[in-house]
Amino acid sequence: MSTIDSLPPLRDVIETHELLARKSLGQNFLLDLNLTAKIARQAGDLSECDVLEIGPGPGGLTRGLLAEGARRVLAIEKDPRCMPALAEIAEAYPGQLELINGDALEVNPLSHLTPPIRVAANLPYNVGTELLVRWLTPKEWPPYWQSLTLMFQREVAERIIAQPGSKAYGRLALLAQWRADARIVMSLPPEAFSPPPKVHSAVVHLTALEKPRFEADAKTLSRVVAAAFNQRRKMLRAALKGQAPDIEDRLLAAGIKPTERAEQVSLEEFCALAREIKKT
Ligand code: SAM
C-alpha cells in the first residue's frame with residue numbers, strides 16, 4: 001500500500017507489469033507518489049474539474065491527480081503495455097478514470113471531457129512542445145482548458161517564461177505569454193525519475209487568460225514573430241523585410257526602432273507591430 005492510496009507502490013506496479021522503460025517513448029517514470037501528488041496540487045482545485053492527462057505511463061501522476069480529488073481524469077497513453085496497470089487504478093477509483101490507448105497527437109479528447117477542464121502531463125520533450133503549441137493556438141480563445149500543468153526539461157520551461165533581453169526569449173515565450181500566465185512552479189533533479197534523464201526538469205503552470213493581453217491578429221503575430229526570430233541576430237528592418245514594403249515606417253509606428261533586434265522587443269511591441277502590418 002502506498003502513502004496516498006490503497007494501491008501498491010509504483011516500483012511493484014512496474015515490476016508486476018514488466019514496464020521496462022522505453023527510450024523511444026521518452027519513458028522516464030516518477031516513482032515517488034508524494035511528489036506526484038505535489039505536482040497534482042500545482043494544477044489547482046480539481047474537485048470540480050475534468051483533468052486531461054497525457055502519457056500516464058504506470059500511473060504515478062494519475063494517482064496523484066485522483067488522490068488530490070480530481071472529479072474525473074481522462075488519460076491518453078500510447079504504450080499498450082501500461083494499460084493493465086492503469087486499469088487497476090480505474091478499478092480503485094470507480095467511474096473517475098477513463099483510459100484511451102492512443103497517440104495524443106492524433107486523438108481528439110474533447111468528446112470525452114466535460115468542462116471545466118484542466119490539463120496535466122509529464123511528457124517526452126518533443127510531444128510536450130508540439131502539444132503545448134497546439135493548446136496555445138486553438139481556433140477560438142478562450143480555449144477549452146482552464147490551465148496546463150506540464151513537465152518539461154528545464155531549458156524548455158525557461159523558454160516558456162523568458163523575458164526580453166534573455167537568450168531563452170523567443171517564439172515560445174511570446175506564444176505562451178500572449179494569452180496565458182506562465183510560471184515555473186517546481187524544479188526536479190534527474191534523480192526524481194526512473195531511469196534518470198540527462199537533464200533537469202521543471203513543471204510549468206499556464207493559466208488561460210479570458211482574452212489576449214494585447215490586441216493582435218493571431219496569424220499576423222505568429223508570422224511576424226517567426227520572421228523576427230528566424231534571423232534573431234539581424235536588425236528588425238532586415239529580418240522583417242518581407243513582411244511589408246515600408247517595414248521601417250511600420251516599425252516606427254509601432255514604437256520600435258528599426259535597428260532593434262527581436263530579442264529586445266516586448267510582447268506589447270510585437271502586438272503593436274502585428275496591428276500595423278495587418279493594416280495593409
Ligand atoms: N506520467 C508518467 C510519470 O510521470 O511517471 C510517465 C511519464 S513518461 C516521461 C512519458 C509517458 O508518455 C510515457 O508513458 C510514454 O509512453 C507516453 N507517451 C509518449 N508519447 C506519447 C504520445 N504521443 N501520446 C501519448 N502518450 C505518449
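The values are calculated or read from the model by the stated rules, or taken from the named source; none is laboratory data. Here the structure is a predicted model, which is why all the values come from computation and not from measurement. Cβ coordinates were reconstructed from backbone atoms using ideal geometry, including for glycine residues, and neighbour counts include every protein chain displayed. Quick note on the areas: whole protein, heavy atoms, side chains included, nothing else; ligands and nucleic acids left out. Shrake-Rupley method; radii C 1.70, N 1.55, O 1.52, S 1.80 Å.
Based on a Kirkwood Rh over C-alpha pairs, give the Stokes-Einstein translational diffusion coefficient of the chain at 10 °C and viscosity 1.306 mPa s in µm²/s.
79 µm²/s
So what is log10(I(q)/I(0)) for segment 74-233 at q = 0.10, 0.19, 0.21 1/Å, when the Debye sum runs over its Cα atoms only?
Computed log10 I(q)/I(0) values: -0.43, -1.34, -1.50.
With a bin width of 5 angstrom, please list the P(r) values of segment 1-123 as percents of all Cα-Cα pairs, from the 0 bin to the one holding the largest distance.
Taking every Cα pair in segment 1-123, the percentages come to 2, 12, 25, 26, 22, 10, 3, 0.
Count the DSSP beta bridges whose two residues both fall in segment 4-208, then state the antiparallel fraction as a percent rounded to the nearest 5. Display every interim value, and only then the final one.
Working: 17 of 38 bridges.
Here the share of antiparallel DSSP bridges comes out near 45 percent.
Ranked from the most accessible area to the least, with a 1.4 Å probe and all protein chains present, what is the order of 16, 149?
The residues order as 16, 149, largest area first.
Compute, for the chain, the length of the dipole vector about the Cα centre, with Cβ point charges of +1 (Lys, Arg) and -1 (Asp, Glu) only. Units Debye, rounded to 20. Show your work: numbers first, answer last.
Numbers: 35 positive and 34 negative charges, 281 e Å.
Value, rounded to 20: 1360 debye.
Need one number for segment 76-139: average projected area of the convex hull over its C-alpha atoms, nm². Don't jump to the answer; show the numbers that get you there.
Numbers: hull surface 20.6 nm².
Dividing the Cα hull surface by four gives the mean projection, 5.1 nm².
In segment 158-269, how does Rg compare with the Kirkwood Rh, expressed as the Rg/Rh ratio over alpha carbon atoms?
The Rg/Rh ratio comes out at 1.07.
222 nm [θ] for the chain, helices only, -39500 (n - 2.57) per DSSP H run of 4+, per residue, to 500?
-10000 deg cm²/dmol
Please pull out the direction-averaged projected area of segment 218-278, using the convex hull of its alpha-carbon atoms, in nm² to one decimal place. Write out the running numbers ahead of the final one.
Numbers: hull surface 13.1 nm².
Result: 3.3 nm².
Run the simple label-point estimate for residue 126 and residue 231 please: 7 Å along Cα→C-beta, distance reported in nm.
Computed distance between label sites residue 126 and residue 231 equals 3.0 nm.
Hey, if we sort 17, 112, 205 by accessible area with the 1.4 Å probe, largest down, what's the order?
Listed by decreasing accessible area, they come as 112, 17, 205.
About its Cα centre, what dipole magnitude does segment 24-165 give when the only charges are +1 on Lys and Arg Cβ and -1 on Asp and Glu Cβ, stated in debye to the nearest 20?
About 240 debye.
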